[in-house]
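Below you'll find the structure, written out as structure tokens, and then a few comments.
The values are calculated or read from the model by the stated rules, or taken from the named source; none is laboratory data. Model, not experiment: these values are computed from the prediction. Virtual Cβ from ideal backbone geometry, glycine too; neighbours counted across all protein chains shown.
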Amino acid sequence: MTKLSHFPGSCIQLLRNYLRVYVFLSVLSGTFLGAFAQNGATIKGKILDEKKASIIGATVTIKGTTAGSVTDVNGDFKFVVKQSFPVTLEVRAIGYKNQEVDLYENVPVEIVLSDLSNRLDEVVVTGYSTQSKKYISGAVTTLNTNVLKDNAAASSFSELLQGKATGVQVTSNSGVPGGSITFRIRGTNSINAGVDPLYIVDGVFISSDNLIKTGMGNQAQSNPLADINPDDIENVTILKDANATAIYGSLGANGVVIVTTKRGKKSTKAKINLQISHGWSKAAKSYSLTNGPQSAVLANESARNTAIDNGKDPSTATLISAQPDTLKTYDRLKDVFKTANTSNYDLSIQGGSDKDTYFIGLGYLNQQSIVKPSAFTRYSGRLNYDNQITNKIKVGTSLNLSRTWRNVSSNDNNPVGVINSALFVRTYLPVYNSDGSYARYGAFDNHIALIKNLNNDAVGLRAIGNIFADYAITPDLKLRSSWSLDNNDVYENNYSNTSISAGIATNGSASSYDTKNQVLTNEQVLTFIKSFGKNGKHYINALVGNTINSSLYQSTGATGSGFATNDLTAISTAATTTGTSSKSQSKLASFFSKASYTYDNKYTIDGSIRADGSSKFGSNKRWGYFPSGGVTWNASQEKFVNKLKVFDELKLRGSIGLSGNQSGIGAYASQGLWSGSGSYLSTAGTAPSQLANPNLTWETTRQIDFGTEFSVLKNRLSVSLDYYDKYTYDLLLAVPVTYSSGFASYTQNYGAVSNKGFEFSFHSVNISTKDFSWTSDFNISHNKNLIKKLASDIALGASGRNISILKQGYAINSFYLYKQLYVDSKTGNAVYEDVNKDGKITSADRQVVGNANPDFTGGFTNTLTYKNFELNLFVSFVHGNKIMNMNEFFMVHGGTQKNIGFLDRQLERWQKAGDITDIPRLTTYSGDTNTNGGSANNYGGVVSNLSSRYLDNGSFVRLKSASLSYNLPKSITRKAGISNVKVYVSGTNLITLTKYRGLDPEVSSQSSNQNTAGYDWATAPQPRTITTGINVTF
Amino acid sequence: MLHSNFQKNTDMKKTRYFIGISLLALTLVLNSCGSFFDEKSNGNISAETAITDAGTARAAIIGAYDEVQNYYSSYTTLGTITADNVVFNGSLSQYLQLDQISIPVDNVVTVAAYQGIYQAINSANTIISLVPSVSDPALTTTEKNKILGEAYFIRALGYFDLGRGWGGVQLRLTPTKDIASLKGVKRSTLDQTYDQVLSDLIKAEQLLPDVTASDSNLRNRAQKASVRALRARLHLYRQQWSDAENYASQVIAETTKYNLVTPYKAFFTAPYLTSESVLELTFSTNDKNSFWNLWYLSNLGGQYTLKPSDSFVTKVKDPTIGGSRSTLVAGTSPNVYGVLYNSTAGADPFYLIRIAELYLIRTEARAQQNNLTGALSDLNVVRNRAGLVNSTATTQVDILTAIENENNIEFAFEAHRWFDLVRTKRVGAVLGVTNTNLWLFPIPGSDILSDPDVTQNPGY
């Protein structure tokens, strides 16, 4: 019954959307196709740049006439001539030197234009099409491989984007190889829905969802983009504003990252490239712990002070040791950190005949962590193949296969993590018991036992594949159909034997998970590109298309406990076993169209619209519509601008549009559900789990962008500037509802988030002589994030300590703490800000004290070449963010944590009247907890260490990478039959300038939740790495 | 010419083929048009069809028990670490806050318990609302009544546990179907909350069967005796001494079903469901109770967050106070740990009501009614089972003190001590927490923000 009533609405809607776009298309073809039919001989040809890449929009005319054409997306042109041969072709394209070619007979010609090195003339891949940058009204950044490959220690391309592109904030959450990263384009748009951009690799929408299930203490376990070998990548394009992203509709609100991998070029000899590198990594800094005697002195002092506070004689206090000096110090950290090795091998072959092109890439990466026993290994293979079957039909495929292996080791917020077990245990406590067995204290495991016995494997198999066919219906009208698959499968096997605490009680425990994420996409795109009129004054670039997208997630798991011996690890041999399985599936259907019109190379106006229907939403509000529009003015084409003789290029652009978001919420988020997961007395039960919301619909981001790009000083200085204003409304928010309802939250469209910012970058050629050149690239981005509307405050983070808060009028990722004003130099007690001025310290006195979002991020790259040497220095910087140092939260505890040792900072505590410090007097007294300036709140009490004194400035400037390379002279290599040999040495994270007191300011330990950024919690720091390598091209 | 024609022909064929492929996708959408967006979960059922027949009604009451299971680990923590038998020994500050009775409004354990109880209540409300109208021949009136009786019992237990922890709470008696219907329910007084508990217990007693001693679910699903036992406890909390005595006696009288077991540790040693239990929540390796983890040493695979206090260890190991109840702890100083929850395979039950409690309820009720002989006789039953001699207390005051101490040791690691001291207003005298505002847990802070009808307990 429900199906029937539902059928007509949804069906008609679908048809209507399909019809809309096809009507749009037929209008286009009707208007423009008919206008160009002519008679006469047809001249064909192709315009290329020096790198044999197509030049779009080059004007080709017969000299002395008005007959001519403008090249299309492939650099091809053709037009009808009435003149008799020979004729002289005149070719002009912005950024290239004009060229004349004599043509004696009508054969296809290939004309190569030499470069004027103008950055605006790059061709970029944008949504469903390729466009010349000068016509694009959207904010788009493209990065080429050579810009990306300077950090040899990175395992994924996403890490390589750090500090390279404006508006993009990339943070490696930990120093674990293959570990998770935080990637945000122009700030955080959402609270409960996804905030990661859409990643598209060669037209395949790929999933960036982590699949590893092994618990890591609220750290996101892995970066699924590390499945792609960065060496295979040709370039990465980042679409930031609404005009560029709206064509992706509901998927585009968080920005789009388009990755294009290398493809062969037609009629080129096979090029074989071999790269080998090896790196050594170390922690740049280690934790400073108090030694054994110091720890005991602190603990004793706390016990005596507590006795005094309780009105007792301090001599009655229970001391750790009457003679602290006699205690030994056990250094556990040295067992945990090591020098880690990284090996990378990459072999690729590319080339092509006149019909087909190929690229084959094979890669191997083995990366150890500086913290035992984590490691990451990747085997990758890629095949990209294109074949021009006829001059109208081209087929091709892009196929990526990779296998990853991770030794997953938990740190972060997990008492049985390796770092935790070494860091938190008091230093005077022995590592082994007197009988030689592993000693354990409090909730912590023994670190040596963990290092030797942790056995958590995660094996990933990733297939990203795409087949496509292009059909040129007419030279101007092309249809592409593409079928894609992203299949990510992770198989985990974990075994805790009886030597580690996770396996002791159960006599060995094991778990195994097989998790699959499958995204299937089909798309059809019909593209129309045409220039017409005198000198090709009018240029049209339009497309219409549809996609159908289906996402499947399924997971099966088994656990076993009670094993006969530690050598039997198969779950089938366990005494008790359990199994789980889960599955969810969602679908998305989309129709889209985009058109741009350019007049005389000067003015471009464009617009797009997309309609999306999602199975996640309520039947009432399933479809969302996302329009956008923009204008571009190539002012440098104007005579009056040329007369100024200032700008070699000047482009102004503006855009506005809507994009949507439906990721991150459950596949069944709009349905009223009862869960079948509960059981009692071996009988399955059901219980209410989710309230229905048939009105649930798209979260929408409205974005306005103004930008300019210009180059001056004969193109030696190119500048790009953008301002944007994003407003995300109808947030897909898990609005807290009263617990007395039996539910905790209700997913509804409520709330709004704003992100505003500017982006600035320049590229300058400082020196360019025959032997020596120096170029600089600088970029800086500012983003201001603000929650504009929220149902009520949502406090979260740090395992229920709720250190982070979402609060209207403040940024996402704000910290919610008691603000310590000072430590009273008379009493030694901490005094906090009494926000509500009631004379007491209560929970009402918690307040927002800063957030984890940087005010500014950016990077500065300098490349110096002298003859065959090249030196590349890359500095990245982050300014204005705060980090909650959980290591200090736990280890500067004043004695309240009986099982946890102290960081050196605890030694700065107040000891006697007159001491000026921010670390209060040691005590565990718990009376009068509401008294401000009372000793109960120094470390415990109402404040319970939720004090701003552990909130640090996270700003840093870092020499992220420095590399020196040398190309062997051709005279030598040619003799060996080698076309190029490059040797290099590079260093990563060599120098870091920061006030942050922890190991590394680039950290986010609670990254599994997007709203708890900026914690440092027993996390492996970014390593300092030295890499040497060789790159040989045959 | 020929060649080009041929080319054209194949091209046209390819064109048709190509357009065919591209239209295939459209066809796929249209063919499956009606159901294209209809995705259903395989782990959930629609709320609209959640209770429609015998099978779903049975599953719903099982689900309600599961939710009682879910909240009892945090609830047991609330009843123990807050008092003097158990101290904080871990690194998780939510337990430190409870130990220090310095509980913020977002304390994880109080929030989890509060939320969990209301989840169970919402399940019970749904059953109470929907099961009467189920018409399925497979669901007999007897079974229907049993399911309804259990739902009333679970709701009574939920509101009782809320009342003794948070005071009078919002009484929600209908299932939550949407957000709008939640408005306008203010907090009740503690008396009103307890009145609701009583009313539900009366209905439950009418509806539930009086099962035989051999019934396999005698001790882990509600039936008449479990209702009476909870009712005895309710009357004790409300100081309705004769009712408390009366209902405790009714349960104690069922000697074919309930006896004190010896040795003391027999009831928390597998096989469980001993005759000591009036109601316990059964767990198994497939439905794990991981509460042991909070008590066990890390050397034994636990977290050791909840640690028996030195003063308790001294008492329980004193043969004149603890007797055979010293088996509640194991290990040697300083690493003494509690072993009431000891199944590392996860099969530990939660002991909701033991027959020992009914003796101690009746003791107290009798002592309060000045039946000192009767009181002593019940007190000594419990003492003797632990291998202790009879109590030497003689005056009413001394006997009441003796009862308090006996309760303390007998139910050391169950959800008793804190609530007993709050009930007898002895928290200040015994634990030194003189600020009576702190004798009630805070209402979760997020509820204060999300629900304008709820008010916070004073002092938070």
Determine if the stretch A:721-734 includes at least one residue that is out of contact with any Gly (no Cβ under 7 Å at 6 or more places or on another chain) and within 13 Å of chain B (Cβ to nearest Cβ). yes
Where B:VAL169 falls short, out of the listed (1) within 25 Å of B:PRO458 (Cβ to Cβ); (2) surrounded by fewer than 22 Cβ atoms within 10 Å (Cβ to Cβ); (3) in contact with a helix residue (DSSP H, G or I) (Cβ under 6 Å, 6 or more places away or on another chain): (2)
From A:SER615, A:SER584, grab the single residue that is within 10 Å of another protein chain (Cβ to nearest Cβ), small (Gly, Ala, Ser), touching a residue at least 40 places away in the same chain (Cβ under 8 Å) and farther than 30 Å from B:GLY346 by Cβ. A:SER615
Scan of the stretch A:593-611 for residues that are under 30 Å from B:SER35 (Cβ atoms) and either basic (Lys, Arg) or within 14 Å of chain B (Cβ to nearest Cβ) (or both), ordered by number: A:ARG610, A:ALA611
With respect to the numbered conditions (1) over 30 Å from A:SER421 (Cα atoms); (2) more than 9 Å from chain B (Cβ to nearest Cβ), which one is the sole condition not fulfilled by A:ALA458? (1)
Just checking, which of A:SER615, A:SER619, A:SER628, A:SER608 is surrounded by fewer than 19 Cβ atoms within 10 Å (Cβ to Cβ) and under 30 Å from A:SER550 (Cβ atoms)? A:SER619
With respect to A:VAL1003, is the statement that it is under 29 Å from A:HIS278 (Cβ atoms) and either over 19 Å from the mean Cα position of the chain (by Cα) or in a strand (DSSP E or B) (or both) true? no
Being surrounded by fewer than 24 Cβ atoms within 10 Å (Cβ to Cβ), in contact with a Pro (Cβ under 9 Å, 6 or more places away or on another chain) and either within 14 Å of chain A (Cβ to nearest Cβ) or among the basic types (Lys, Arg) (or both), is that true of even one residue in the stretch B:257-267? no
Tell me, yes or no, whether the stretch B:282-291 has at least one residue that is in a loop (DSSP other than H, G, I, E, B), free of Cβ contacts under 8 Å to residues at least 40 places away in the same chain, within 14 Å of chain A (Cβ to nearest Cβ) and within 21 Å of the chain's Cα centre (by Cα). yes
If I ask for residues that are without any contact (Cβ under 8 Å) to a residue 40 or more places away in the chain and not acidic (Asp, Glu), which ones from the stretch A:884-911 would you list? A:GLN897
Top-ranked residue of the stretch A:435-455 - restricted to ones that are in contact with a strand residue (DSSP E or B) (Cβ under 7 Å, 6 or more places away or on another chain) and in a loop (DSSP other than H, G, I, E, B), ranked as farthest from the other protein chains (Cβ to nearest Cβ): A:ASN455
Determine whether the stretch A:861-881 contains at least one residue that is within 14 Å of chain B (Cβ to nearest Cβ) and in a loop (DSSP other than H, G, I, E, B). no
Regarding the stretch B:226-249, can at least one residue be identified that is hydrophobic (A, V, I, L, M, F, W, C), within 14 Å of chain A (Cβ to nearest Cβ) and either crowded, with 23+ Cβ neighbours inside 10 Å or outside any helix (DSSP H, G or I) (or both)? no
Given the conditions (1) surrounded by fewer than 17 Cβ atoms within 10 Å (Cβ to Cβ); (2) within 14 Å of another protein chain (Cβ to nearest Cβ), which single one is not true for A:TRP774? (2)
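Here is a yes/no grid of residues against (1) more than 30 Å from A:SER781 (Cβ to Cβ); (2) modelled with pLDDT under 95; (3) of a type in the set (Ser, Thr, Tyr):
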{"site": "A:VAL646", "(1), (2), (3)": "no, yes, no"}
{"site": "A:GLU649", "(1), (2), (3)": "no, yes, no"}
{"site": "A:GLY654", "(1), (2), (3)": "no, yes, no"}
{"site": "A:GLN662", "(1), (2), (3)": "no, yes, no"}
{"site": "A:ALA667", "(1), (2), (3)": "yes, yes, no"}
{"site": "A:SER670", "(1), (2), (3)": "yes, yes, yes"}
{"site": "A:SER679", "(1), (2), (3)": "yes, yes, yes"}
{"site": "A:ALA684", "(1), (2), (3)": "yes, yes, no"}
{"site": "A:ASN693", "(1), (2), (3)": "yes, yes, no"}
If we ask which residues in the stretch A:479-538 are more than 10 Å from chain B (Cβ to nearest Cβ), of a type in the set (Gly, Ala, Ser) and over 30 Å from A:ILE56 (Cα atoms), their number turns out to be 5
Within the stretch A:650-702, considering residues that are crowded, with 24+ Cβ neighbours inside 10 Å and among the charged types (D, E, K, R), the one farthest from the other protein chains (Cβ to nearest Cβ): A:LYS651
Restricting attention to the stretch B:331-347, does a residue exist that is part of a helix (DSSP H, G or I), in contact (Cβ under 8 Å) with a residue 40 or more places away in the chain, within 28 Å of the chain's Cα centre (by Cα) and surrounded by 23 or more Cβ atoms within 10 Å (Cβ to Cβ)? no
Of the residues B:VAL86, B:VAL134, which single one is under 20 Å from the mean Cα position of the chain (by Cα) and aliphatic (A, V, I, L, M)? B:VAL86
In the stretch A:804-823, residues that are in a strand (DSSP E or B), among the β-branched types (Val, Ile, Thr) and closer than 27 Å to A:TYR750 by Cα total 1
Out of the stretch A:933-957, which residues are within 14 Å of chain B (Cβ to nearest Cβ), in contact with a strand residue (DSSP E or B) (Cβ under 7 Å, 6 or more places away or on another chain) and in a loop (DSSP other than H, G, I, E, B)? A:ASN938, A:VAL943, A:LEU946
Among helices (runs of 4 or more DSSP H) completely within the stretch B:76-183, the ones holding 3 or more residues that are facing chain A (nearest Cβ under 10 Å) and not hydroxyl-bearing (Ser, Thr, Tyr) are B:93-99, B:108-130
The conditions are (1) surrounded by 23 or more Cβ atoms within 10 Å (Cβ to Cβ); (2) without any contact (Cβ under 8 Å) to a residue 40 or more places away in the chain; (3) of a type outside the set (S, T, N, Q), and A:ALA635 fails exactly one of them. Which is it? (1)
Take the residues in the stretch B:50-75 that are more than 13 Å from the chain's Cα centre (by Cα) and among the charged types (D, E, K, R), then tell me which one is nearest to the other protein chains (Cβ to nearest Cβ). B:ARG58
Filtered residues of the stretch A:1010-1023 (kept if part of a loop (DSSP other than H, G, I, E, B) and either in contact with a strand residue (DSSP E or B) (Cβ under 7 Å, 6 or more places away or on another chain) or of a type in the set (Ser, Thr, Tyr) (or both)): A:ASN1011, A:THR1012, A:ALA1013, A:GLY1014, A:THR1019, A:ALA1020, A:PRO1021, A:GLN1022
Only one of A:SER1008, A:SER986 is buried (at least 24 other Cβ atoms within 10 Å of the Cβ) and either small (Gly, Ala, Ser) or under 22 Å from the mean Cα position of the chain (by Cα) (or both). Can you tell me which? A:SER986
